[in-house]
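Novice: Sharing a structure, written as structure tokens. Questions coming.
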Amino acid sequence: MEKRRFAQDALSEWMREDGPDSEIVISSRIRIARNLRHHPFPMLATNQQSREVMEQLTEVPRSGKLDELGAFETFVLSDLSELEKRVLVEKHLISPNLANESRGGALVLSGSESVSIMINEEDHLRIQCLYPGFQIREAWQLASEIDDIFEQEVDYAFSERRGYLTSCPTNVGTGIRASIMMHLPALVLTQQINRILSAITQVGLAVRGLYGEGSEAIGNLFQISNQITLGQSEDEIIDNLYSVARQIIEHEKAARERLMAESQIRIEDRVQRSYGILSHATIMDSKEAAQRLSDVRLGIDLQLIQSLSPQVMNELMVLTQPGFLQQVFSEPLNTEERDVRRAELIRRYLSPKT
Amino acid sequence: MICQECGTKQATLHFTKIVNGEKTEFHICESCAREKGEGIPGTANGFSIHSLLSGLLEFEPSAGLGPKPQTIRCDECGLTYSQFRKIGRFGCSSCYKHFSDRLDPLFKRVHGNASHVGKIPKRSGGQIKYKREVEQLKKELHQHIEQEEFEQAASIRDQIRELESKITDL
């Protein structure tokens, strides 16, 4: 079978672009949840009803209504292989829930993969827009435009008092989840991170790690998002997140400067050690890879390493995930094989180009 | 920190929620989370927020008053309030109407608020939008009348009439 485009490249096209503050902010994401008025939510829908919802919602891109925003492709989840689904999850284009548990699930994906629209996830419709760097307002504008296009064609479940009605009470109202993915190695190294993160949770925001296993952030990547969706307007929610993220960026910048001023030689040692290990190791588990990649990424941002681009790091972060490794080497791998292949892949990426 | 479930292992999953200064904390180890069938956020085995939420729902301030949760049922999808409390998810949009009396305290705990102030759908929400505009204009009208600015008041009255005709047309 010919590989689908999304499975070939580790990096979505949108991630190759440079965004504002991209030395700290990896990406900005908006997700909005919507439901159709006359259908039960996916959890209680019959297979027949789920199919109807999918038909009705996929008709919008099929009839060209989204064309003004670019090219879109629609995938029915049941047509995809397990591996393809896993790759989509690792690229954050669909949720594990849509991949594994949905009935009548579908994905509408834009050419650059910056827009992914999930159908029949926890809610009938989930519109997700991803931008590189710190562009949360831009992401909201696009998501809102797409929302308006769907709203012209289908009847949304909306109440004057409660706003957009969602399956989970934590999303009701605006149905919006705005999140910002940040790389904060200097705040972790200087042990300021816990203080800052606990301050964040005091203002109605949540923090988690990338591919989050609990509260432990892998590779110093943190995702900050709003928790409150009811009683605040979209603009208030986004402004709140924006100003908190802006402050964290400034703290991280200050911490990086201080590290360079006070202990440049030690930082340099750490960065170069990780670079050395990544360039030569033959076994590399995903946790170590994430930490070493974070060090190297910091080294690039601090101009201690000049021969690599920051995008290489973004690409490796995704590429070294289990599903992608399997896709790259086109065979099922056990854990140890995976660690060997991971090391091999990283070495290949980091070796001097001839 | 020690797991609140088993009391022996190190807690690796920490949930903190603060709404209007009220703090709820929950600490659990990974194996207890697995055992309880609760997902770890962001992994394939589910989404623990629902079970956390049902924890929030257990504290019914109005417990003992009104009909029993088992007897409150959504006419549309058949979900009972006690089922909703258990799974932490609504079955359909009508559940919001049928459980309405009980939702204010829940939404206040989760969001610190119970009423929507954000975006309104352009097409189906047109009426609501006009209604909000009319309310706003009526306030302005009163102010102008109180200050005896009758010219402005008259122009606002015309705007209200125009909007109200749109509401009945829809």
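The values are calculated or read from the model by the stated rules, or taken from the named source; none is laboratory data. Note that this is a predicted model, so its numbers are computed, not measured. No Cβ is skipped: glycine too gets one built from the backbone with ideal geometry, and neighbour counts run over all protein chains shown.
Novice: For region A:153-181, enumerate the residues that are of a type in the set (Phe, Trp, Tyr) and within 7 Å of chain B (Cβ to nearest Cβ).
Specialist: Matches in region A:153-181: A:TYR156, A:PHE158.
Novice: Right, next: Only one of these conditions is not met by B:PRO121: (1) under 30 Å from A:THR229 (Cβ atoms); (2) out of contact with any Leu (no Cβ under 9 Å at 6 or more places or on another chain); (3) modelled with pLDDT of 85 or more; (4) away from chain A (no Cβ under 12 Å). Which number is it?
Specialist: Looking at each condition in turn, B:PRO121 falls short on (4).
Novice: Further question on the same structure: Just for region A:37-68: of the residues that are closer than 25 Å to A:TRP14 by Cβ and in contact with a helix residue (DSSP H, G or I) (Cβ under 7 Å, 6 or more places away or on another chain), which one is surrounded by the fewest Cβ atoms within 10 Å (Cβ to Cβ)?
Specialist: Per the criteria, the residue is A:LYS65.
Novice: So A:LYS287 clears everything in (1) surrounded by 15 or more Cβ atoms within 10 Å (Cβ to Cβ); (2) at pLDDT below 90 except one condition, right? Which one?
Specialist: (1)
Novice: Identify all residues within region A:252-300 that are in a helix (DSSP H, G or I) and of a type in the set (S, T, N, Q); write none if there are none.
Specialist: A:SER263, A:GLN264, A:GLN272, A:SER274, A:SER279, A:SER286, A:GLN291, A:SER294
Novice: Looking at A:ASP147, A:ASP123 in this structure, which one is assigned to a loop (DSSP other than H, G, I, E, B) and either among the polar types (S, T, N, Q) or modelled with pLDDT of 95 or more (or both)?
Specialist: On inspection, the qualifying residue turns out to be A:ASP123.
Novice: Let me ask another. Restrict the check to region A:208-229 and report whether at least one residue is more than 15 Å from the chain's Cα centre (by Cα) and either away from chain B (no Cβ under 11 Å) or surrounded by 24 or more Cβ atoms within 10 Å (Cβ to Cβ) (or both).
Specialist: yes
Novice: While we're here: Just to be sure, is A:VAL87 in contact with a strand residue (DSSP E or B) (Cβ under 8 Å, 6 or more places away or on another chain), buried (at least 21 other Cβ atoms within 10 Å of the Cβ), of a type outside the set (Gly, Ala, Ser) and not in a loop (DSSP other than H, G, I, E, B)?
Specialist: Spelling it out, it is not the case that A:VAL87 is in contact with a strand residue (DSSP E or B) (Cβ under 8 Å, 6 or more places away or on another chain), buried (at least 21 other Cβ atoms within 10 Å of the Cβ), of a type outside the set (Gly, Ala, Ser) and not in a loop (DSSP other than H, G, I, E, B).
Novice: Any residue in region A:258-275 that is without any contact (Cβ under 8 Å) to a residue 40 or more places away in the chain, closer than 25 Å to A:ASP18 by Cβ, surrounded by 20 or more Cβ atoms within 10 Å (Cβ to Cβ) and out of contact with any Leu (no Cβ under 7 Å at 6 or more places or on another chain)?
Specialist: yes
Novice: Take region A:189-203 and flag every residue that is surrounded by fewer than 20 Cβ atoms within 10 Å (Cβ to Cβ) and without any contact (Cβ under 8 Å) to a residue 40 or more places away in the chain.
Specialist: A:GLN191, A:ASN194, A:ARG195, A:SER198, A:ALA199, A:THR201, A:GLN202 - these are the residues of region A:189-203 that are surrounded by fewer than 20 Cβ atoms within 10 Å (Cβ to Cβ) and without any contact (Cβ under 8 Å) to a residue 40 or more places away in the chain.
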